[in-house]
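What follows is one structure encoded as structure tokens, with my remarks underneath.
No value in this document is a laboratory result; all are computed from the given coordinates. All of these numbers come straight from a predicted model, not from anything done at the bench. Heads up, the Cβs are rebuilt from the backbone with ideal geometry, glycines too, and the neighbour counts pull from every protein chain shown.
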Amino acid sequence: MEIKNILVHLDADEPSAALIRCALDLAERHGAAVFGVAAVQPAAAPVGFDGAALASAWYVEERERAEAALKLTEERFYSLVPKATRHGFRSFLDSPNAGLEAMAHRADLVMVGSHASQRPDHHRHLDVGELVLAAGRPVLLVGSGVTQVWADRIVIAWKDTREARRAVSDALPLLKSASEVMIAVVDEGDGHAARQSADELSAWLDSHAVNPRSAVLEMQSGGLAATVAAAAEGMGADLIVSGGYGHSRLREWLLGGMTRELLAETTVNRFLSN
């Protein structure tokens, strides 16, 4: 796979110029197009509104506010994107997750900001855990304060599962251009099996012109994600590649522990795929 189409989520309440610039920089390096997506779902009338006319008037006002916010977000996007870059923008009067999922077929990579995972109002703000499980595309969650995703030193949080295999395959364009790749396997009780699994992934990556090193890590008290994040910090990596684990297709997603921890680990960029 190549990265030729990047979808970037723009929060209509706070469209991030830094996130747009990260997407543009990555697009320039990979010869990709950038598509901005923003969505706001107008709020329904609160419980207690009497009469259809009052409820209808409320909704009209909420829709107008949503449309105004989306228009400003679109203007913000176009003001930052050079004309020479292939680009486009779509807005939706729907939840941000619905909007991004409707456009995911256009993307090789979806980029979102870390703040998106911290906000509970899914009518206006993105649920990143749900997106990872539903998009069918890899999601690059950009760390807080990041102005450029170098992806020059990358840590692969490896465990031989379907999700991790998918993530490594999806991340190949980034892994091939990195100067250093480390396969990080957390020892969960069988160090020999962990080492063997890392060696097998290393051989597969080598066949794709990626020359990684590997490390079997002792579990830290903070859990799997903290252990991998510490390894990433130690090697000066700015990207962690991991499977995005989940066990539900309901509105309330039951994310795996590793995925929940990585969503909360906002100091580093995370590449998640399900």
Item to check | Amide H contacts under 5 Å for residue 92, placed H, 5+ residues apart | outcome: 38, 39, 40
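Can you give the translational diffusion coefficient of region 5-142 in µm²/s, computed by Stokes-Einstein from the Kirkwood radius over Cα pairs at 25 °C and 0.890 mPa s?
Values: Rh = 15.4 Å.
Once the numbers are plugged in, D ends up at 159 µm²/s.
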Checklist entry - With charges only on Cβ, +1 for K and R and -1 for D and E, what is the dipole size of the chain about its Cα centre, in debye, rounded to 20? => result 660
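Evaluate the charge dipole of region 70-117 about its Cα centre and quote only its size in Debye, nearest 20, assuming +1 on the Cβ of each Lys and Arg and -1 on the Cβ of each Asp and Glu. Kindly include the intermediate steps, with their values, before the conclusion.
Numbers: 6 positive and 5 negative charges, 46 e Å.
So the dipole magnitude of region 70-117 works out to roughly 220 debye.
Please work out how much length the chain gains when fully extended from residue 85 to residue 207, using 0.36 nm per residue of separation minus the C-alpha to C-alpha distance, in nm with one decimal.
40.6 nm
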Next on the checklist: Tell me the volume per residue, in Å³, of the convex hull enclosing the alpha carbons of region 153-273.
Outcome noted: 102
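Can you give me the Kirkwood hydrodynamic radius for region 98-164, using every pair of distinct Cα atoms, in Å to one decimal?
On the way: mean 1/r = 0.0740 Å⁻¹.
13.5 Å is the Kirkwood radius here.
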Next on the checklist: Restricting to Cα pairs below 8 Å that are 6+ residues apart, what does the relative contact order work out to for region 57-188? Please round to a whole percent.
Outcome noted: 18
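Give me 30, 125 sorted ascending by neighbouring Cβ count inside 10 Å, so fewest comes first. Don't skip to the end; give the middle numbers.
Details: 30 17, 125 22.
Lowest to highest Cβ neighbour count: 30, 125.
Hey, what did the chain get for relative contact order, percent, Cα under 8 Å, at least 6 apart?
On the way: 566 pairs, mean separation 55.0, N = 274.
Once divided by the residue count of the chain, the mean separation gives 20 percent.
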Next on the checklist: How large is log10 of I(q)/I(0) for the chain at q = 0.12, 0.17 Å⁻¹ when the intensity is taken from the Debye formula with one equal scatterer per alpha-carbon?
Outcome noted: -0.73, -1.30
Next on the checklist: Given Cβ point charges of +1 (Lys, Arg) and -1 (Asp, Glu) and nothing else, what value in debye, to the nearest 20, does the dipole of region 153-273 about its Cα centre take?
Outcome noted: 440
